[in-house]
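Asks: My questions will all concern the structure given below.
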Amino acid sequence: MKSPLLSLPGAVPAEGVDEGVAAHYGDLFREQRALAEGTGFVDLSHRGVVSVTGEDRLSWLHLLLTQHVSDLPTGQATEALILSAHGHIEHALYLVDDGTTVWAHVEPGTQDALIAYLESMKFFYRVEVADRTDEFAVVFLPAGSIAEVPQGVVVRETPYGRDLFLPRADLESYAEKAGPAAGLLAYEALRVEQHRPRLGFETDHRTIPHELGWIGTAVHLQKGCYRGQETVARVQNLGKPPRRLVFLHLDGSEVHLPPAGTDIRLADEGPDGRKIGFVTTSVRHHELGPVALALVKRNVPLDARLLADSTAAAQEAVVEP
């Protein structure tokens with residue numbers, strides 16, 4: 001779905017899974033600084049929007065999600081995962097309940113598979129699941145923003161900012177009032193700085209929540225059964241995850257960023273050494289320079305010097321060994 005805001009001056013389209021919105025509007029660092037200062041907005045209208053209505057919506061979702069939502073207060077934001085039977089992450093949902101409806105935004109293109117799974121689990125529960133992507137666009141306002149939120153718009157407020165579930169027909173008119181627009185690259189740079197994982201970027205087919213620091217923020221350890229809970233409990237109580245998320249400071253003298261999937265090796269073993277991880281997201285930050293998130297083997301020493309292909313990197317632990 002192509003955003004009408006791609007017609008704004010300087011807009012350069014994003015590619016890949018984020019196709020349909022702007023990567024930037026001509027000045028990446030200015031856009032980052034604006035968001036960091038609490039001004040502007042980000043067009044996230046390519047993300048999927050799903051709603052769940054009905055009397056049983058919270059108790060039913062509580063049975064399916066990793067998060068405790070049976071008593072979720074109206075207006076309180078949370079995030080949750082859906083796991084496979086083996087505990088691998090399949091979906092990430094960013095939720096809020098407005099008193100009658102649970103609203104969630106999800107990664108672009110994942111809403112169909114999510115809805116198919118939810119529909120298969122309805123049984124006798126009084127719930128209705130709907131794809132609202134054609135009707136609603138997600139807009140992000142950074143923390144500290146004083147931009148006005150139109151009356152009646154559902155808001156998901158977090159420490160990082162506010163997600164607005166804006167009627168898609170109002171997107172252009174709202175952008176005129178909420179500017180300046182910041183592109184997705186600015187949003188991603190701040191996400192990496194904040195060590196926040198993203199489904200499909202920091203995850204692969206075997207990722208479990210412990211590897212990314214999603215325990216606590218998206219996984220509640222004291223709730224009842226859900227699919228994949230056995231793996232979560234076993235790793236939490238008896239062991240450690242096989243990999244861990246790290247934040248990388250990359251050599252700023254390199255012209256090119258190591259793309260997602262770039263192999264990481266120990267610098268002491270050189271570029272032909274054994275692979276001990278891979279880059280998941282790399283960005284240019286307006287203050288920190290080139291940085292990245294990566295998954296490495298749990299037993300990699302915290303003080304080890306790393307190589308992302310040929311780029312030197314120093315790590316900060318996001319998930320402790």
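The values are calculated or read from the model by the stated rules, or taken from the named source; none is laboratory data. Note that this is a predicted model, so its numbers are computed, not measured. Cβ placement follows ideal geometry from the backbone for every residue including glycine, while neighbour counts extend to all protein chains displayed. Side chains are part of the model used for accessible areas, which takes the heavy atoms of the whole protein and leaves out ligands, DNA and RNA. Shrake-Rupley method; radii C 1.70, N 1.55, O 1.52, S 1.80 Å.
Asks: Each label point is 7 Å from the Cα along the Cα-to-Cβ direction; what then is the distance between the points at residue 77 and residue 274, in nm?
Replies: Simple spin-label model gives 4.1 nm for this pair.
Asks: Quick check: pseudo-label points 7 Å beyond the Cα along Cα→Cβ at residue 297 and residue 100, how many nm apart are they?
Replies: So the two model labels end up 5.6 nm from each other.
Asks: Follow-up question, since we're still on this one. Would you please give the residues with an amide H less than 5 Å from that of residue 179, counting only those at least 5 places away or on a separate chain, with H modeled from the backbone geometry?
Replies: none
Asks: On to the next question. Work out the charge dipole of region 60-202 with +1 on the Cβ of Lys and Arg and -1 on the Cβ of Asp and Glu about the Cα centre, then indicate which of 124, 197, 171 is farthest towards its positive end.
Replies: The Cα lying farthest towards the positive end belongs to 197.
Asks: I need the calculated FRET efficiency for the pair residue 17 and residue 124, taking r as the beta carbon distance and R₀ as 51 Å, to the nearest 0.05. Present the calculation step by step, with values, prior to reporting the outcome.
Replies: Numbers: r = 36 Å, r/R0 = 0.70.
The computed FRET efficiency comes out at 0.90.
Asks: State to the nearest 20 debye the size of the charge dipole of the chain about its Cα centre, where the only charges are +1 on K and R beta carbons and -1 on D and E beta carbons.
Replies: On the way: 29 positive and 44 negative charges, 176 e Å.
It works out to roughly 840 debye.
Asks: Name the trypsin sites (Lys or Arg not before Pro) in region 1-100 that are in a loop by DSSP and that have at most 16 other C-beta atoms within 10 Å, would you?
Replies: On the way: sites: 2, 30, 33, 47, 57; in loops: 2, 47.
Taking region 1-100 and a limit of 16 other Cβ atoms within 10 Å, the loop trypsin sites (Lys or Arg not before Pro) found are 2.
Asks: Quick one: compute the contact order of region 1-71, relative version, from alpha carbon pairs under 8 angstrom and 6+ residues apart, as a percent.
Replies: Details: 70 pairs, mean separation 15.1, N = 71.
The value is 21 percent.
Asks: Length gain on complete extension for the stretch residue 143 to residue 320, per 0.36 nm per residue less the alpha carbon to alpha carbon distance? Mind dumping the intermediate values first?
Replies: Values: separation 177, 0.36 × 177 = 63.72 nm, distance 2.73 nm.
That pair, residue 143 and residue 320, stretches by 61.0 nm at full extension.
Asks: Give me the distance between the Cα centres of region 260-321 and region 115-182, rounded to whole Å.
Replies: 34 Å
Asks: Kindly count the pairs of lysines across the chain whose alpha carbons are less than 25 Å apart, treating pairs on different chains or eight or more residues apart as eligible.
Replies: On the way: 2/177; 122/223; 223/240; 240/275; 240/297; 275/297.
The number of close lysine pairs in the chain is 6.
Asks: Let me ask something else about it. What residue among 246, 105, 282 has its Cα farthest toward the positive end of the dipole of the chain, where the charges are +1 on Lys, Arg and -1 on Asp, Glu, each on the Cβ?
Replies: Result: 246.
Asks: Would you work out the relative contact order for region 239-281, in percent, from Cα pairs under 8 angstrom that are 6 or more residues apart? Please list the in-between numbers first.
Replies: Values: 34 pairs, mean separation 14.5, N = 43.
That works out to 34 percent.
Asks: State the percentage of accessible surface on region 73-135 attributable to carbon and sulfur atoms; use a 1.4 Å probe and exclude ligands, DNA and RNA. Each step should come with its number before you reach the end.
Replies: Numbers: 1470 of 2770 Å².
The value for region 73-135 is 53 percent carbon and sulfur by accessible area.
Asks: A follow-up question, please. Set the Förster distance to 51 Å, then compute FRET efficiency between residue 256 and residue 56 from the Cβ-Cβ distance, nearest 0.05.
Replies: Efficiency for this residue pair is about 0.50.
Asks: Quick check for you: with a 1.4 Å probe and neighbouring chains kept, what is the accessible area per residue of the chain, in Å²? Before the final figure, lay out each step's value.
Replies: Working: 14360 Å² over 321 residues.
Accessible area per residue, the chain: 45 Å².
Asks: If you average the alpha carbon positions of region 87-108 and of region 17-79, how far apart do those two centres end up, in angstrom?
Replies: 8 Å
Asks: Also: From the helices alone, meaning DSSP H stretches of at least four residues, give me the mean residue ellipticity at 222 nm for the chain, per-run term -39500 (n - 2.57), in deg cm²/dmol to the nearest 500.
Replies: Numbers: 6 runs with 55 residues, N = 321.
Mean residue ellipticity, 222 nm, calculated: -5000 deg cm²/dmol.
Asks: For a paramagnetic label modelled at 7 Å from the Cα of residue 86 toward its Cβ, which residues of region 221-248 fall within the zone defined by backbone nitrogen distances under 17 Å?
Replies: 227-235, 241-243
Asks: So, one more: Suppose every K and R has +1 on its Cβ and every D and E has -1 on its Cβ; what is the size of the dipole of region 128-221 about the Cα centre, in Debye to the nearest 20? The partial results should precede the final answer.
Replies: Working: 9 positive and 15 negative charges, 54 e Å.
Once rounded to the nearest 20, the dipole reads 260 debye.
Asks: Further question: Under a crude label model (7 Å from the Cα following the beta-carbon direction), how far is residue 157 from residue 217 in nanometres?
Replies: 2.0 nm
Asks: Answer rounded, prolate or oblate for the chain, using the Cα gyration tensor with square roots of eigenvalues a ≥ b ≥ c: rounded when a/c is under 1.5, else prolate when a/b is larger than b/c, else oblate. Working shown, then result.
Replies: On the way: a/c = 2.11, a/b = 1.14, b/c = 1.85.
Judged from the Cα gyration tensor, the chain comes out oblate (a/c at least 1.5, b/c at or above a/b).
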